[in-house]
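Trainee: Handing you this structure, nothing more for now.
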Amino acid sequence: MQTTFEKQLPLETKPVNAARQWIWMGFLIGLLIVGAYAIVTRAVEGLAVTNLSSTTPWGAWIAFYIFFVGLSAGAFLLSTMIYVFGMKNLEKIGREALLTAFLSMILALTFVLLDIGQMGRFWHALVYFNPTSILAYEVRFYTIYMLLLLVELYFAMRPDLVRTAQADNGIRSTIARLASLGSRDLSEAAMERDHKWLKVLGIVGIPIAIFGVHGGTGALFAVVKAHHYWNSAVFPIIFVVSALVSGTALLMALYIIRQKVIGKKPDISMVQGLATIMVGFLMVDWGLQFYEILISVYSRNPHALETFEIMFFGPMWWTFWIVQLLLGAIVPIFLFFKYKHSVKAMLAAAVMVVVGILAVRFNIVVPTQLIPPFESMPGSYYMPNALEIMASAGVISLGLLLYTLGVKYLPVDMSKEQLELLERGE
Amino acid sequence: MGYQEIKESLSRKELFKRGITNAQEFAAELSSIDNSDGPKWVMVIDLQKCIGCSACTVACKAENRTPPGISYNIVMKEEHGQFPNVSKVNIPRPCMQCDKPACGEVCPVKATYKMDNGIVAIDYDRCIGCRYCMVACPYGARSYDFGESYEGEMLGFDELQANEYGIAKGKRQKGSNPIGLARKCTFCYHRLQRGEEPACVETCVGDARYFGDINDPNSVVSKMLNTNAARVYRLREYMSTQPRVYYLK
């Protein structure tokens with residue numbers, strides 16, 4: 001039995017360096033403890049322990065929330081390129097895309113939970129409904145979307161879940177047996193059915209992700225007429241495009257890092273494929289943002305002009321010029337055109353793009369709120385305090401921990417058999 | 001038949017005929033009747049009379065026992081023009097009680113809603129504290145209750161909370177309403193229920209604030225708005241929120 005199991009180990013990679021793995025897990029658990037302290041403090045003391053105020057009611061946690069919703073929508077849309085539009089060269093990361101999309105949603109909603117005033121009332125958002133509230137629709141879209149992701153993840157992993165369940169591989173097999181929901185069918189017909197389901201769910205999911213989940217999150221801001229900077233029709237579109245940018249970049253980074261960890265050479269043609277998608281969307285994103293800024297400036301709306309003044313020349317000017325523009329766009333585009341063949345350069349580009357989009361999210365949420373509604377009202381200043389950062393680090397490390405456990409115990413990588421089937425199909 | 005007529009015409013005998021035997025059922029019956037011809041409260045503020053003393057802000061804080069950092073009413077002091085042609089204007093700003101409230105539109109759980117009497121209310125039992133309404137209000141009229149207290153400088157502050165919306169709230173303590181929720185001016189709804197004016201109106205030193213029923217053509221506010229039509233304006237009318245606080249410039 002042992003020998004057959006060896007054969008069925010996905011990708012036949014060398015085992016992950018145990019010491020390094022423990023250091024990584026220890027690091028995550030350490031952050032988790034720090035985060036747990038911050039979250040418990042916040043739960044007991046309320047939002048008074050944050051730097052939020054009545055003048056700046058939304059801060060870092062809301063920025064992280066839209067950041068992770070964006071990552072999720074982007075990762076999911078990338079998965080539809082595989083399962084709906086048949087981009088076979090990307091199929092290796094299809095499951096990873098779905099897993100990332102699901103976990104990102106968990107993180108996004110955790111951030112929202114932290115942010116609402118009375119956390120115990122989170123269920124009100126599902127029970128009560130206001131037909132004019134974008135947020136009310138969003139809550140429902142998020143729920144449907146996460147269920148859809150789970151079902152898709154099941155169909156994407158099913159053949160390998162069945163294989164792992166049949167192998168005698170300790171806890172992995174036990175998990176696979178439970179997760180396969182009793183399915184034992186490895187016939188061609190069954191796999192075709194899986195793909196059909198993936199396609200159908202992907203097609204249903206595309207409008208949900210574009211218009212519901214992330215376009216809707218953009219609309220949540222865009223309908224607020226009190227903030228001129230948000231109040232534009234192109235805003236939801238920018239949200240979707242930057243979601244595609246960050247989702248692709250994150251998957252690219254995760255793929256490269258994990259291939260290195262399991263001691264395999266990353267598939268350079270796939271990395272380049274992902275990089276092309278990322279840079280393409282990145283350029284569209286900046287084109288749209290340019291027009292957004294241009295139109296706002298031409299409107300001469302004092303509120304909008306002040307927002308840009310804060311964004312471009314305020315105390316946090318570097319988040320726009322250095323993080324968002326230089327590291328988040330110019331350097332990655334340069335790397336793409338100059339060092340396309342270097343996996344390391346592509347990894348650096350991907351990480352920089354993800355960080356750049358995080359700055360985009362902060363600059364969406366914070367600067368416009370720093371301007372008081374009336375000139376004669378006191379303004380405010382907002383920077384996340386240590387506790388907010390600790391809690392955020394804790395939530396993110398929870399996500400990374402779930403991801404690490406996910407790729408360790410679930411067949412997120414395609415088994416050798418599946419890869420062979422994939423190649424034969426081409 | 002309108003609300004008032006039904007209320008008056010309902011004799012004890014008729015109530016029994018309808019099978020209504022107790023006060024609670026009677027109240028339920030009354031509230032099921034359309035109240036659209038009941039009073040619709042508005043406020044009129046004469047800026048020529050406002051001296052900017054902020055007595056309204058103080059009275060509001062005392063009446064509603066708002067915690068540190070929350071003031072339902074403020075007086076904005078604006079300076080216009082360039083030297084030597086300058087003028088100063090004081091603009092008191094309570095909640096505008098908009099007919100199309102941006103805050104109520106965005107509330108995901110419908111905790112904020114427009115009452116028939118024109119007041120925009122917050123249901124403290126439903127609000128989750130997401131603060132979307134605060135971001136959406138063009139007038140900065142909403143505050144979040146961070147749970148702060150004056151207990152350190154004012155003994156007994158936490159012992160009693162104002163009975164906003166006519167609902168007794170008891171002690172101010174962690175985890176109880178409205179801590180962790182959005183708050184705002186209620187036009188002193190609890191005072192209206194007792195037949196009193198809002199605290200800011202009652203206290204105004206220069207008699208700059210007026211309050212009344214705009215559905216009643218003979219009310220002071222209706223007459224003021226009619227006779228001073230050229231002076232009437234509302235804050236940020238271009239936002240189409242249709243505020244129910246009128247200013248006379």
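Nothing in this text is a laboratory measurement; each read-out follows from the coordinates by a stated rule. Everything quoted here is computed from the prediction, not taken from an experiment. Every residue, glycine as well, gets a Cβ built from its backbone with ideal geometry; the counts of neighbours run over all protein chains shown.
Trainee: Under the definition of partner shielding as Cβ atoms of other protein chains within 10 Å of a residue Cβ, what is the mean value for peptide B:69-80?
Mentor: 2
Trainee: Can you sort B:79, A:91, B:153, A:152 by how many other beta carbons sit within 10 Å, fewest first?
Mentor: If I rank by nearby Cβ atoms, fewest first, I get B:153, B:79, A:91, A:152.
Trainee: Taking the Cα centre as origin and putting +1 on Lys and Arg beta-carbons and -1 on Asp and Glu beta-carbons, what dipole magnitude results for segment A:326-416, to the nearest 20 debye?
Mentor: Charge dipole of segment A:326-416: 560 debye, to the nearest 20.
Trainee: Any chance you could get the radius of gyration and Dmax over the Cα atoms of segment A:233-321, in Å?
Mentor: When restricted to the Cα atoms of segment A:233-321, Rg and Dmax are 17.6, 56 Å.
Trainee: Now a separate question. Compute the label zone of residue A:422 within segment A:237-267: residues whose backbone N is under 19 Å from the point 7 Å along Cα-to-Cβ.
Mentor: Counting backbone N atoms under 19 Å from the label point, the list is A:248-267.
Trainee: Still on this model: If each residue's Cβ is checked for other Cβ atoms within 10 Å, how do A:29, A:333, A:371 rank with the fewest at the top?
Mentor: A:29, A:333, A:371
Trainee: Taking just the C-alpha trace of chain A, give me its Rg and Dmax in Å.
Mentor: Gyration radius and largest Cα-Cα distance of chain A: 22.3, 78 Å.
Trainee: Once you charge only the Cβ atoms, +1 for Lys and Arg and -1 for Asp and Glu, what is the size of the charge dipole of chain B about its Cα centre, to the nearest 20 debye?
Mentor: 360 debye
Trainee: Moving to a separate point now. As a test of the formula, what do you get for chain B when each DSSP H run with n ≥ 4 contributes -39,500 (n - 2.57) and the sum is divided by the residue count, at 222 nm and rounded to the nearest 500 deg cm²/dmol?
Mentor: -6000 deg cm²/dmol
Trainee: On the principal axes of its Cα set, how long, how wide and how thick is segment A:108-175? Give whole Å, largest value first.
Mentor: 52, 22, 17
Trainee: Towards the positive end of the charge dipole of segment B:104-249, with charges on Cβ (+1 Lys, Arg; -1 Asp, Glu), say which of B:192, B:118, B:132 has the farthest Cα.
Mentor: Sorting the options by dipole projection puts first B:132.
Trainee: So how tilted is helix B:55-64 from the main axis of chain B? Cα-based, degrees 0 to 90, rounded to 10.
Mentor: 30 degrees
Trainee: Express in whole angstrom the spacing between the alpha-carbon centres of segment B:186-204 and segment A:77-126.
Mentor: A separation of 49 Å, based on Cα centres.
Trainee: Still on this structure: Under a crude label model (7 Å from the Cα following the beta-carbon direction), how far is residue A:309 from residue B:237 in nanometres?
Mentor: Each label point is offset 7 Å from its Cα along the Cβ direction, giving 2.8 nm.
Trainee: Per residue, what volume in Å³ does the convex hull of the Cα atoms of segment A:292-374 enclose?
Mentor: 84 Å³
Trainee: To continue, here is another question. Would you kindly give the portion of the calculated P(r) for segment B:104-249 that falls above 26 Å, as a percent of all Cα pairs?
Mentor: 35 percent
Trainee: What percent antiparallel are the DSSP beta bridges of the protein assembly as shown, to the nearest 5?
Mentor: Percentage antiparallel, nearest 5: 85.
Trainee: May I have the pair-distance distribution P(r) for segment A:142-226, computed from all Cα-Cα distances with 5 Å bins from 0 and rounded to whole percent?
Mentor: Percent of pairs per bin, in order: 3, 14, 18, 16, 14, 11, 9, 6, 4, 3, 2, 1, 0.
Trainee: Now for a separate question. If you take each beta carbon of peptide A:374-383 and count the beta carbons of other chains within 10 angstrom, what is the mean?
Mentor: Mean shielding count: 3.
Trainee: Which percentage, to the nearest 5, of the DSSP beta bridges contained in chain B is antiparallel?
Mentor: The answer is about 85 percent antiparallel.
Trainee: Also, quick follow-up: Most fluctuating residue of B:66, B:57, B:227 in a GNM of chain B with Cα springs under 10 Å: which is it?
Mentor: B:227
Trainee: Can you tell which of A:113, A:290, A:93 lies farthest toward the positive end of the dipole of the protein assembly as shown, using +1 and -1 charges on the Cβ of basic and acidic side chains (Lys, Arg; Asp, Glu)?
Mentor: So the residue furthest toward the plus end is A:93.
Trainee: Using bins 10 angstrom wide from zero, how does P(r) for segment A:173-311 break down, in % of all Cα pairs?
Mentor: Spelled out per bin, shortest first, that is 10, 23, 28, 21, 11, 5, 1.
Trainee: Continuing with this model, one more query. Trypsin sites (Lys or Arg not before Pro) within segment A:231-312: which are DSSP loop residues with at most 13 other Cβ atoms inside 10 Å?
Mentor: A:300
Trainee: First select every other residue whose beta carbon is under 9 angstrom from the beta carbon of residue B:160; then total the charges, Lys and Arg +1, Asp and Glu -1.
Mentor: Overall, the nearby charge balance is +2.
Trainee: Between the helical axis of A:134-166 and the dominant principal axis of chain A, each derived from Cα atoms, what acute angle in degrees is found, rounded to the nearest 10?
Mentor: The helix A:134-166 is inclined about 20 degrees to chain A.
Trainee: Additional query: Kirkwood Rh, Cα Rg: Rg to Rh for segment B:168-227?
Mentor: Dividing the radius of gyration by the Kirkwood radius yields 1.12.
Trainee: Tell me what chain A gives for mean residue ellipticity at 222 nm when only DSSP H runs of n ≥ 4 count, each as -39,500 (n - 2.57), the sum divided by the residue total, rounded to 500 deg cm²/dmol.
Mentor: Helix-only estimate at 222 nm: -23500 deg cm²/dmol.
Trainee: OK, next. Contact order normalised by length for segment A:111-191, with contacts defined as Cα pairs under 8 Å and 6 or more residues apart; what percent is it?
Mentor: Once normalised by length, the contact order is 18 percent.
Trainee: Can I ask one more? Please name whichever of A:33, B:248, A:233 sits farthest to the positive end of the charge dipole of the protein assembly as shown, dipole taken about the Cα centre and charges placed at Cβ: Lys and Arg +1, Asp and Glu -1.
Mentor: A:33
Trainee: Cβ under 9 Å from residue A:58's Cβ, residue A:58 left aside: what net charge do those residues give with Lys, Arg +1 and Asp, Glu -1?
Mentor: Value of the local net charge: 0.
Trainee: Which entries of A:92/A:416; B:110/B:184; B:77/B:249; B:40/B:114 have Cα-Cα distances beyond 19 Å here?
Mentor: Where the Cα-Cα span goes over 19 Å, no listed pair is concerned, since all stay within it.
Trainee: Based on the Kirkwood radius over alpha-carbon pairs, what is the Stokes-Einstein translational diffusion coefficient of chain B at 4 °C with 1.567 mPa s viscosity, in µm²/s?
Mentor: Answer, rounded: 65 µm²/s.
Trainee: Hey, another quick one. Where does the charge balance sit around residue B:70 when Lys and Arg score +1, Asp and Glu -1, over other residues with C-beta under 11 Å from its C-beta?
Mentor: Neighbourhood net charge equals +3.
Trainee: If you place +1 on the Cβ of every Lys and Arg, -1 on the Cβ of every Asp and Glu, and leave all else neutral, what size is the dipole of segment B:45-127 about its Cα centre, to the nearest 20 Debye?
Mentor: That gives a dipole near 160 debye.
Trainee: Using a Debye calculation, one point per C-alpha and no hydration shell, please list log10 I(q)/I(0) for segment B:135-198 at q = 0.26 Å⁻¹ in order.
Mentor: -1.17
Trainee: If we count other beta carbons within 10 Å of each Cβ, what is the order of A:341, A:124, fewest first?
Mentor: If I rank by nearby Cβ atoms, fewest first, I get A:341, A:124.
Trainee: Continuing with this model, one more query. Over segment A:25-180, how many percent of alpha carbon pairs lie in each 10 Å bin up to the one with the longest distance?
Mentor: With a bin width of 10 Å, the distribution comes to 9, 27, 32, 22, 9, 1.
Trainee: Considering the Cα positions of segment A:279-426, please state its Rg to one decimal place and its Dmax as a whole number of Å.
Mentor: Just the Cα atoms of segment A:279-426 yield Rg and Dmax of 20.8, 71 Å.
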